[in-house]
Amino acid sequence: MTRLAFDDYLRHLRTESARFREVLAGCDPASACPTCPAWDAGDLLWHLTTVHDFWTHVVTHRPAGPEDHVEPERPRDYADLLAAFDAASAGLAAALEAADPADPAWTWAEEQTVGFTFRRQALEALVHRLDAEVCAGVTSEIDALLAADGVDEVLDVMYGGTPPWGTFSPLEHYLRVDLIDVDQEVWVQFGHFDGTSPEGVDYHEDDISVVSDPGVEPDAVVSGTAGVLLARLWRRGSGDDIHLAGDMRLVDRFRSAIHHPIE
């Protein structure tokens, strides 16, 4: 998998945020958001507003962490909510445009650069644009290359990765995710995660890790278009058009490893 250029991430952040705003501007604020069951359209709008505000603070105060960030107060009026989103969205885009992606910056992930925020926030905006469209009962195209990058990210960063307080014990079993519309693939190795979190919670569970092509035949293959796969991995799609092949026990194990909810 090849990551997008940082200029492309910034462009997608702007276009996905604009589409998100466009859809919600014509939506009843009380419309339910089925993909985020605790939220309505107003909650969704405010969520992405606060996300943009938070990461603007992180980027502009780099490399310091977000300890002194103060969350803004939520407006009561929907028009004011839209205006707050406009300001936060423009602020994040401007902060990233003025930053060097290689600059050190706080993140919650292993990667500690501004570049992480370029990628993560473009994909954050894409996923929540899908939420907005569900609220409004509309759909639009998903950029295939951005979605493909998002499949890699959600498997590698959201579901994969090993924190410093745990260990990943790999097994010699592999699943390949084929993104058929962009001729790309993501390899996943199965394993077991063990560790005790800083909060004292013990974990002993099946896990996955994104790896380079191991040079062997996969034990199972999951294939579909990048947009369909991304939506399914984020619980934003049914996955009806996804094809499964190979050892179905490992497909079920893959499903189990990515069962944990993410927002």
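The values are calculated or read from the model by the stated rules, or taken from the named source; none is laboratory data. Here the structure is a predicted model, which means the values were calculated and not measured. Because the Cβ atoms are built from the backbone with ideal geometry, glycine has one as well, and the counts that use them run over all protein chains shown.
A quick yes/no check of all residues on (1) under 19 Å from the mean Cα position of the chain (by Cα); (2) free of Cβ contacts under 8 Å to residues at least 60 places away in the same chain; (3) in a helix (DSSP H, G or I):
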{"position": "20", "(1), (2), (3)": "yes, no, yes"}
{"position": "27", "(1), (2), (3)": "no, no, no"}
{"position": "34", "(1), (2), (3)": "yes, no, no"}
{"position": "47", "(1), (2), (3)": "yes, no, yes"}
{"position": "52", "(1), (2), (3)": "yes, no, yes"}
{"position": "67", "(1), (2), (3)": "no, yes, no"}
{"position": "70", "(1), (2), (3)": "no, yes, no"}
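Return yes when residue 11 is closer than 22 Å to residue 115 by Cα and crowded, with 18+ Cβ neighbours inside 10 Å and no when it is not. No, not satisfied.
Across segment 88-141, which residue is modelled with the lowest pLDDT among those that are assigned to a loop (DSSP other than H, G, I, E, B), within 22 Å of residue 64 (Cα to Cα) and of a type in the set (Asp, Glu)? Among those residues, the one meeting the criterion is 110. Among the conditions (1) surrounded by fewer than 17 Cβ atoms within 10 Å (Cβ to Cβ); (2) touching a Ser or Thr at 6+ places or on another chain (Cβ under 6 Å), the only one that residue 85 does not satisfy is (1).
Kindly indicate whether any position in segment 50-70 is at negative phi, among the hydrophobic types (A, V, I, L, M, F, W, C), in contact with a Gly (Cβ under 7 Å, 6 or more places away or on another chain) and not assigned by TED's automatic domain parsing to the domain that holds residue 177. There is no residue in segment 50-70 that is at negative phi, among the hydrophobic types (A, V, I, L, M, F, W, C), in contact with a Gly (Cβ under 7 Å, 6 or more places away or on another chain) and not assigned by TED's automatic domain parsing to the domain that holds residue 177. Within segment 184-199, not a single residue is surrounded by 12 or more Cβ atoms within 10 Å (Cβ to Cβ) and part of a loop (DSSP other than H, G, I, E, B).
Take residue 30 and tell me if it is of a type in the set (A, V, I, L, M) and over 29 Å from residue 102 (Cβ atoms). Yes, satisfied. Limited to segment 161-208, what total is found for residues that are of a type in the set (S, T, N, Q) and in contact with a helix residue (DSSP H, G or I) (Cβ under 8 Å, 6 or more places away or on another chain)? Of the residues in segment 161-208, 1 are of a type in the set (S, T, N, Q) and in contact with a helix residue (DSSP H, G or I) (Cβ under 8 Å, 6 or more places away or on another chain).
Quick one: which residue in 10, 4, 44 is within 14 Å of residue 81 (Cβ to Cβ) and out of contact with any strand residue (DSSP E or B) (no Cβ under 9 Å at 6 or more places or on another chain)?
Working: 10 fails: within 14 Å of residue 81 (Cβ to Cβ); 4 fails: within 14 Å of residue 81 (Cβ to Cβ).
So the residue among 10, 4, 44 that is within 14 Å of residue 81 (Cβ to Cβ) and out of contact with any strand residue (DSSP E or B) (no Cβ under 9 Å at 6 or more places or on another chain) is 44.
Scanning segment 97-143 for residues that are in contact (Cβ under 8 Å) with a residue 24 or more places away in the chain, farther than 28 Å from residue 237 by Cβ and not acidic (Asp, Glu) returns 99, 101, 104, 105, 106, 112, 114. Checking the conditions here, which among 114, 154 is assigned by TED's automatic domain parsing to the domain that holds residue 18, within 17 Å of the chain's Cα centre (by Cα) and of a type in the set (Val, Ile, Thr)? Every option except 114 fails the conditions.
Test residue 238 against the stated conditions and say whether it is surrounded by fewer than 13 Cβ atoms within 10 Å (Cβ to Cβ), farther than 23 Å from residue 133 by Cα, out of contact with any Asp or Glu (no Cβ under 7 Å at 6 or more places or on another chain) and small (Gly, Ala, Ser). Spell out the reasoning first.
Values: surrounded by fewer than 13 Cβ atoms within 10 Å (Cβ to Cβ): yes; farther than 23 Å from residue 133 by Cα: no; out of contact with any Asp or Glu (no Cβ under 7 Å at 6 or more places or on another chain): yes; small (Gly, Ala, Ser): yes.
No; evaluated as a whole, the condition is false for this residue.
The residues of segment 224-263 that are assigned to a loop (DSSP other than H, G, I, E, B), charged (D, E, K, R) and within 17 Å of the chain's Cα centre (by Cα), listed by number, are 235, 236, 263.
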